[in-house]
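Trainee: There's a structure below that I have some questions on.
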Amino acid sequence: MVQFNFSGDVVMFEIEGHLGVRDNHLFIGGVDAVDLVGEYGSPLFVTNEERLRENYRRYQRAFPDTDVYYAAKANGNLTILRILAEEGAGADVFSGGELYMALLAGISSDRILFNGNSKTDQELRYALQTGVRVSVDSLDELKTLASFARETGKVAEIAFRVNPDISPKTHPKIATGLSTSKFGIPYTQVIEAYDTAKRIEGVKPVGIHCHIGSQIIELTPFVETVNRMMDLVEQIDRLGVKLEFLDLGSGLGIPYKKDEHVPTPEDLADAILPVWSERSDAIGVHPRMILEPGRYITGDTTVLLTRVNLVKEAHKRFVGVDAGFNLMIRQAMYGAYHHVLLANKADLPPMGLYTIAGPICESGDILAHDRELPPVEKDDIIAVLDVGAYGFSMSSQYNGRPRAAEILISHGRPYVIREHETVCDLLAKQTLPPHLL
Ligand code: LLP
């Protein structure tokens, strides 16, 4: 059994918040990352509970009168959801699976919004059964939901997901409120949608919802969103529909590059709260604000540790590691930057440029391009930072690779919150037809 080194009062060089360096090793929440790999193997996702709680509290403090619904898609691990439930978070869920997990974690159904642009009949029935509110994405979905509600003698409380036609100035694949995007009711059809909903038995419109995108690092799109949505709130009020909430979605970015200037939750609050108050006072309607942060809450809480299999001198110097886009797809999918460092040589000066390549059979399987690192050798441990949002939750078993374990660090102690998968998990649910037995 490995002895874990706790930081205690020993002074560590701080990299960012909960990460530090001592004796040349990376420490996460006071625990030596190299010891963790020794104990639990590689690759490994390591999450710091204190950081998670701090992030949630900071966000909620910036928006004291707002319901914060954590976006479970960012990281849907039961332990993460449970911690956030303890903190008082609600949840934005985008599937029956996320709804199931959020309820299991202890988030009450009256603090959950069921989102989704293409929900199955089964998911709509599950929403009715659990009594959560539904963000309806089309009139077709409204009809189906209303008919299921009538069948079961229920009334579904709904919002419409609005497509506000706003550019969030982010990566095109994560811009969700452009008029060309697949999400929501087109802005010009929203009033008609509420007019229809108020007449249909089985549904009751109580809110309005939008989400313009993710990893947004400018404030103006958020301000524009408040204004566009308040314009709708005013017109909907005139229809005689009383909206209890206006859910602005989320999208606040985080600084993946350490010198990057990214607005904080306080900056976001300073930008939108005055506009919100001014507009709602002017129209005399005061819906409750809901926000659905995902990335801000979990993004920087987690580090991916991955062992070096080999170093290869080719047209450039490649480091082959045991985690690829099967575990962390953000670089391959969005060209996203994640900071990397050597967990076992964290104090050494950089010596050259290295490209960190995963083991997947695709040229795009690169975790980091051309990074300055100390000399890298076989069996070193690379740490990929800020992988707590859209890391594990977007992982797969591609190339026959079992998924990695997840560890939670709580008060300087590690807990396994998800075990490593094995080849048995690759076989799970597969069956051979009789003629091939
Ligand atoms: N609400 C809704 C309806 C959403 O669709 C999303 C994210 C969120 C809230 C949370 O947004 P956040 O606070 O995390 O920006 N896989 C991509 C991000 C996809 C975001 C999808 N929707 C990435 O790795 O960058």
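The values are calculated or read from the model by the stated rules, or taken from the named source; none is laboratory data. Model, not experiment: these values are computed from the prediction. Please note: Cβ atoms are built from the backbone with ideal geometry, for glycine as well, and neighbour counts cover all protein chains shown. Heads up: the accessible areas ignore ligands, DNA and RNA and are worked out on the full protein's heavy atoms, side chains in. Shrake-Rupley method; radii C 1.70, N 1.55, O 1.52, S 1.80 Å.
Trainee: So what's the convex hull volume per residue for the Cα atoms of the chain, in Å³?
Mentor: Normalising the Cα hull of the chain by residue number yields 167 Å³.
Trainee: Excluding residues fewer than 8 places away in the same chain, name every one of the lysines whose C-alpha is closer than 17 Å to that of residue 154.
Mentor: 143, 198, 204
Trainee: Also: Residue 69's amide H: which non-local residues (gap 5+, or another chain) put their own amide H closer than 5 Å, with H modeled 1.01 Å from N in plane and none for Pro or chain starts?
Mentor: Answer set, sorted by chain and number: 90, 291, 292.
Trainee: May I pose another question? Please get the size of the charge dipole for the chain, origin at its Cα centre, with Cβ charges of +1 on Lys and Arg and -1 on Asp and Glu, quoted in debye to the nearest 20.
Mentor: So the magnitude is around 920 debye.
Trainee: For the Cα atoms of the chain, what angle does the longest principal axis make with the long axis of helix 220-238, in degrees from 0 to 90, nearest 10?
Mentor: 20 degrees
Trainee: Using the structure shown, select from 182/257; 73/312; 119/258; 316/378; 73/258 the pairs with a Cα to Cα distance greater than 28 angstrom.
Mentor: 182/257; 73/312; 119/258, as the Cα separations exceed 28 Å there.
Trainee: Can you list residues whose amide H is under 5 Å from residue 204's amide H, if they're 5+ apart or on another chain and H is modeled 1.01 Å from N?
Mentor: 156, 157, 158
Trainee: Same structure, new question: What's the ranking of 372-380, 309-317, 253-261, 427-435 by average number of surrounding C-beta atoms within 10 Å, highest first?
Mentor: Going by the mean number of other Cβ atoms within 10 Å, highest first, we get 372-380, 253-261, 309-317, 427-435.
Trainee: Still on this structure, please answer the following. Using only the C-alpha atoms of the stretch 248-395, find the volume of their convex hull and express it per residue in Å³.
Mentor: Looking at the stretch 248-395, the number lands at 124 Å³ per residue.
Trainee: Specify the inter-centroid distance of the stretch 165-208 and the stretch 368-385, based on alpha-carbon positions, in whole Å.
Mentor: With the stretch 165-208 and the stretch 368-385 each reduced to a Cα centre, they are spaced 44 Å.
Trainee: Hey, what number do you get for the chain at 222 nm if only DSSP H runs of n ≥ 4 count, each worth -39500 (n - 2.57), divided across all residues, to the nearest 500?
Mentor: Helices in the chain give a 222 nm mean residue ellipticity of -8500 deg cm²/dmol.
Trainee: Moving to a separate point now. Just tell me which aspartates and glutamates come within less than 19 Å, Cα to Cα, of residue 429; anything on the same chain fewer than 8 places away is out.
Mentor: Straight-distance partners of residue 429: 419, 421.
Trainee: Please list 77-89, 271-283 highest first by mean number of surrounding beta-carbon atoms within 10 Å per residue.
Mentor: Final packing ranking: 77-89, 271-283.
Trainee: Shifting gears a bit: May I ask for the equivalent-ellipsoid semi-axes of the stretch 186-282, computed as the square root of five times each C-alpha gyration tensor eigenvalue and listed largest first in whole Å?
Mentor: For the stretch 186-282, the ellipsoid semi-axes come out as 31, 14, 10 Å.
Trainee: Rounded to whole Å and sorted largest first, list the principal axis extents of the Cα atoms in the stretch 12-166.
Mentor: 65, 35, 31
Trainee: Ok, one more. Can you list the HN-Hα couplings for the stretch 267-281, worked out from phi with the Karplus curve (6.51, -1.76, 1.60; θ = phi - 60°), rounded to whole Hz and with x for Gly and Pro?
Mentor: Per-residue couplings from phi come out as 4, 5, 4, 4, 6, 9, 5, x, 5, 4, 5, 4, 5, 6, 5 Hz.
Trainee: What's the percent breakdown of Cα-Cα distances in the stretch 139-194 across 10 Å bins, shortest bin first?
Mentor: Per 10 Å bin, starting at 0, the Cα pair percentages come out as 22, 40, 25, 11, 2.
Trainee: If you place +1 on the Cβ of every Lys and Arg and -1 on the Cβ of every Asp and Glu, how big does the dipole about the Cα centre of the stretch 106-198 come out, in debye to the nearest 20?
Mentor: That gives the stretch 106-198 a dipole magnitude of about 240 debye.
Trainee: While we're here: Hey, any idea what % of the stretch 377-437's accessible area is carbon plus sulfur with a 1.4 Å probe?
Mentor: The nonpolar share, carbon plus sulfur, comes to 55 percent.
Trainee: For the chain, report the accessible area per residue in Å² (1.4 Å probe, heavy atoms, rounded to an integer).
Mentor: Value returned for the chain: 43 Å² of accessible area per residue.
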